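Below is one structure, written out as structure tokens; the observations come after it.
The values are calculated or read from the model by the stated rules, or taken from the named source; none is laboratory data. What you see is a predicted model; the values in this text were computed from it and never measured. A quick note on method: Cβ atoms are made from the backbone with ideal geometry, for glycine too, and the neighbour counts reach across all protein chains shown. What goes into the accessible areas is simple: the full protein's heavy atoms, side chains included, and nothing from ligands, DNA or RNA. Shrake-Rupley method; radii C 1.70, N 1.55, O 1.52, S 1.80 Å.
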Amino acid sequence: MIEVTELVKRYGDFPAVKGISFKVEKGKIWGLLGPNAAGKTTTMRILTGYLPATDGKAVVAEFDVFEQANEVKKATGYLPEVVPLYPEMTVSAYLGFVADIKGVSSSKKKEAVGRALHAGGLESVRHRLIKNISRGYKQRVGIAQALINDPQVLILDEPTIGLDPAQIIEIRELIKSLRGERTILLSTHILAEVTQTCDGVVIINEGNLMASGSLDELTASYGGRDGTFIRLRKGGEEAAALFRGLPGVETAVPEGGEVRIEWGRGQDCRDDIARLAVEKGLGLLEMRPAAMNIEDLYLKIVSGGIVQ
Ligand code: ATP
């Protein structure tokens, strides 16, 4: 579990985090989103006990990050944006070294390294030098080192940055396989990652909390609309204007060769839309759902300047 209340971080006079609050329930994966310099890394470093906050409260795995920083470090695994790997070490030796640093007792070290190798899918490269493994496998080593102390909470700073599409899918699957056992907060600039991996999101901008909640909650409160894309032989503005005249329809605009039609949540205008398209001879080719996606939501929240 992660609970952040009115968290503030100032670097000198510069306020990087301005009183944000959010909660991630045990066993869930949440995304921390925001533009460059939003305060994501700062927040994550505070939550791992490595950076003191200026004010506020944060509880990670039942420990207070201000009063019990050592317990927080023991209960947390952290994948920083740039993982400090040692290229001349083998994967196993490196994980053993991290186990020593994290204070894993010598009697439990072998088991801890074995578990981290297994969780990271690294058994086949355990004896390879880190400099000789691929970028994706290096990222797996980064995640494995975060898991070495069997932490309840994982904080992952841009876990898929710099990876190729196949590696991104592999790392996402690896993260998803950890859901349930651990509470995970990950930062990312890839919005699709959020829908594919996360149960909920926290969106911050310039140190302010813009929104937080499950994806369904946010779509309901910021979107509030359902819709459909309709592909027609005779589409365009004329067709859009006809759909705008239907009861319940709030918007209808031509978009990429289709018309995007939206109506208030809880209604369903699809029957009327299809009937109108047929009656007016518009040549109905296809209809598909146009629910608000995470890109729409993010842009609406960050660009729209909505502050919770
Ligand atoms: P990015 O997506 O670009 O990694 P971020 O959301 O992780 O950005 P942070 O790295 O937390 O953002 O930085 C938030 C703000 O705090 C930025 O304006 C940054 O320049 C500033 N900042 C970060 N670390 C320090 C520091 N040690 N001293 C002074 N300012 C800092």
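Remarks
- Full-extension gain in nm, residue 272 to residue 88, via 0.36 nm per residue minus C-alpha separation: 59.6 nm
- For region 2-220, relative contact order (Cα pairs under 8 Å, six or more residues apart, normalised by length) works out to 30 percent.
- Prolate/oblate/rounded label for the chain (Cα gyration tensor, a/c 1.5): prolate
- In the context of the full set of protein chains, the chain has a per residue accessible area of 47 Å² (1.4 Å probe).
- Most to least accessible of 263, 30 (protein chains only, probe 1.4 Å): 30, 263
- Once both labels are positioned 7 Å from their Cα atoms along Cα-to-Cβ, the gap between residue 237 and residue 296 label points is 2.3 nm.
- Charge dipole of region 16-82 (Cα centre as origin; +1 on each Lys and Arg Cβ, -1 on each Asp and Glu Cβ, all else neutral): 180 debye, rounded to the nearest 20.
- Surface listing: 63, 229 arranged by accessible area from highest to lowest gives 63, 229, probe 1.4 Å.
- Aspartates and glutamates whose Cα lies under 15 Å from that of residue 234, excluding same-chain neighbours fewer than 8 positions away: 255, 258, 279, 286
- For residue 28, the aspartates and glutamates whose Cα falls under 18 Å of its own Cα, not counting residues fewer than eight places away in the same chain, are 3, 62, 150, 157, 158, 173, 181, 193, 199, 216, 217.
- Residue separation of residue 26 and residue 8 scaled by 0.36 nm, minus their Cα-Cα distance, works out to 4.1 nm of gained length.
- Protein-only accessible surface at a 1.4 angstrom probe places the residues 97, 14, 243 in the order 14, 97, 243, largest first.
- Three-way shape label, region 1-55, alpha-carbon gyration tensor, a/c 1.5: prolate
- Residue with peak Gaussian network fluctuation, the chain [Cα springs, cutoff 10 Å], from 92, 134, 21: 134
- Subset of 9/110; 40/102; 57/108 violating a 30 Å alpha-carbon distance limit: 9/110; 57/108
- Expressed as a whole percent, the accessible surface of the chain that belongs to carbon and sulfur atoms is 51, based on a 1.4 Å probe.
- Mean Cβ neighbour count within 10 Å, used as a protection proxy, ranking 33-43, 122-132 highest first: 33-43, 122-132
- Sites residue 109 and residue 37, calculated FRET efficiency, Cβ-Cβ separation with R0 51 Å, nearest 0.05: 0.85
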